[in-house]
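Notes for the one structure printed next.
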Amino acid sequence: MNLRRAGILIVFLVITRILIFGQLPDGVTATQSFLDTIRVNYSSENTVPFDLNSVTINSNVPIRVHIIKNRKGLAGVVTSNIKNSVSLANSYFKNAGLFFFIDSINYIDDYNYAFITYDKLRKELLTKYLVSSRINLFFVDSIKLGNERVYGFTHFPNVRDSNIIYLDKNYASGTSLTTMLGHFMGLLSTHEYRGGQEQQDEQNCATSGDFICDTRADPGLFNQVIDSCNYIGTMRDNHGKYFIPSVANVMSDSPDKCKCILTTLQYRRIFYYFHKYRQYLNY
């Protein structure tokens, strides 16, 4: 096979894979500052009294929804899908004592703000429309971090004045909002590796990966889970052991239809980081 044919075949396979799986990646990755924050807080987080069986709702958190209209002047998103996503998020976060509610839905007429990148337009958007003491949820037409398009982005709770979530309008339904809220409240992706790769046997779970010891080691599930929710990857850890990840965790890059759980220690982290860093949002 000559180089030209090989190149065409590679492009074909990449395009085919995108069409088959049809998903964008999560745009939130660990920062060094938040990894340092997790390490500093780890001991106190793990001594917090937390009983999943006795948690009650004690914090109501408002969400201000901002829908940026597209070039045609249309919303491009169905409000019932947004409301259903918030309800779905509540079915999880009630286990950390949190309840989210939409306080209002705001429509923004300037379509230039609908394309989120690292540029001055994003700063203008926040200057004009950011509301304090609310989670500001912006529904946009696309989000690009560098050269990569992602479905959502937010900040970890150690970042000041970071009550912002951006979500692609195509991801207004399902668990995408729940995943972003998980990051917003302190959860890393289960496939996070910037603090060190977690071993398949999870012996280093407290010092690597997502720094949570009741989630399975995850090598990254983006385009590695087929329609039947079976993992097809063949990744091994640094000791040569094959990963056996969970395709069900909401903080993974598994397809939306497969994601349905958060673990007890993930809920405890949400509880801890909300009360330490996000308490100002309690209504």
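When you look at Lys123, is it without any contact (Cβ under 8 Å) to a residue 60 or more places away in the chain, crowded, with 17+ Cβ neighbours inside 10 Å, more than 25 Å from Thr175 (Cβ to Cβ) and over 19 Å from the mean Cα position of the chain (by Cα), yes or no?
No; evaluated as a whole, the condition is false for this residue.
For the range 263-280, which positions are among the aliphatic types (A, V, I, L, M) and either in contact with a helix residue (DSSP H, G or I) (Cβ under 8 Å, 6 or more places away or on another chain) or not in a helix (DSSP H, G or I) (or both)?
Across the range 263-280, the qualifying residue is only Ile270.
When the residues of the range 82-102 are narrowed to those that are within 17 Å of the chain's Cα centre (by Cα) and among the β-branched types (Val, Ile, Thr), which ends up surrounded by the fewest Cβ atoms within 10 Å (Cβ to Cβ)?
Val86
Just the residues that are surrounded by 12 or more Cβ atoms within 10 Å (Cβ to Cβ) and closer than 21 Å to Ile212 by Cβ, please, taken from the range 223-241. Steps first, please.
Restricting attention to the range 223-241, the residues satisfying the condition of being surrounded by 12 or more Cβ atoms within 10 Å (Cβ to Cβ) are 223-226, 229, 231, 233, 235-237, 241.
Of everything in the range 223-241, those that are surrounded by 12 or more Cβ atoms within 10 Å (Cβ to Cβ) and closer than 21 Å to Ile212 by Cβ turn out to be Gln224, Val225, Tyr231, Gly233, Met235, Asp237, Lys241.
Looking only at the range 71-86, which residues are in contact with a strand residue (DSSP E or B) (Cβ under 9 Å, 6 or more places away or on another chain) and not β-branched (Val, Ile, Thr)?
Once the filter is applied, which keeps residues that are in contact with a strand residue (DSSP E or B) (Cβ under 9 Å, 6 or more places away or on another chain) and not β-branched (Val, Ile, Thr), the range 71-86 yields Ala75, Gly76, Lys83, Ser85.
For the range 171-200, which residues satisfy the criterion of being surrounded by fewer than 17 Cβ atoms within 10 Å (Cβ to Cβ) and without any contact (Cβ under 8 Å) to a residue 40 or more places away in the chain?
Of everything in the range 171-200, just one residue is surrounded by fewer than 17 Cβ atoms within 10 Å (Cβ to Cβ) and without any contact (Cβ under 8 Å) to a residue 40 or more places away in the chain, namely Gly196.
For residues that are in contact with a helix residue (DSSP H, G or I) (Cβ under 6 Å, 6 or more places away or on another chain), assigned to a loop (DSSP other than H, G, I, E, B) and either among the hydrophobic types (A, V, I, L, M, F, W, C) or under 19 Å from Thr154 (Cβ atoms) (or both), tally how many sit in the range 75-103.
1
Could you give every pair whose Cβ atoms fall below 9 Å, whose first residue belongs to the range 23-48 and is in a helix (DSSP H, G or I), and whose second residue is basic (Lys, Arg), counting only separations of at least 6 or pairs across chains?
Gln32/Arg194; Leu35/Arg194; Ile38/Arg269; Asn41/Lys276; Ser44/Lys276; Glu45/Arg268; Glu45/Arg269; Glu45/Lys276
Taking the range 126-153 on its own, how many of its residues are closer than 28 Å to Met251 by Cα, touching a strand residue (DSSP E or B) at 6+ places or on another chain (Cβ under 9 Å) and touching a residue at least 40 places away in the same chain (Cβ under 8 Å)?
So the answer is 17.
No value in this document is a laboratory result; all are computed from the given coordinates. Values in this document were obtained by computation on a predicted structure and should not be read as measured data. So basically every Cβ, Gly included, is an ideal-geometry build from the backbone, and we count neighbours across all protein chains shown.
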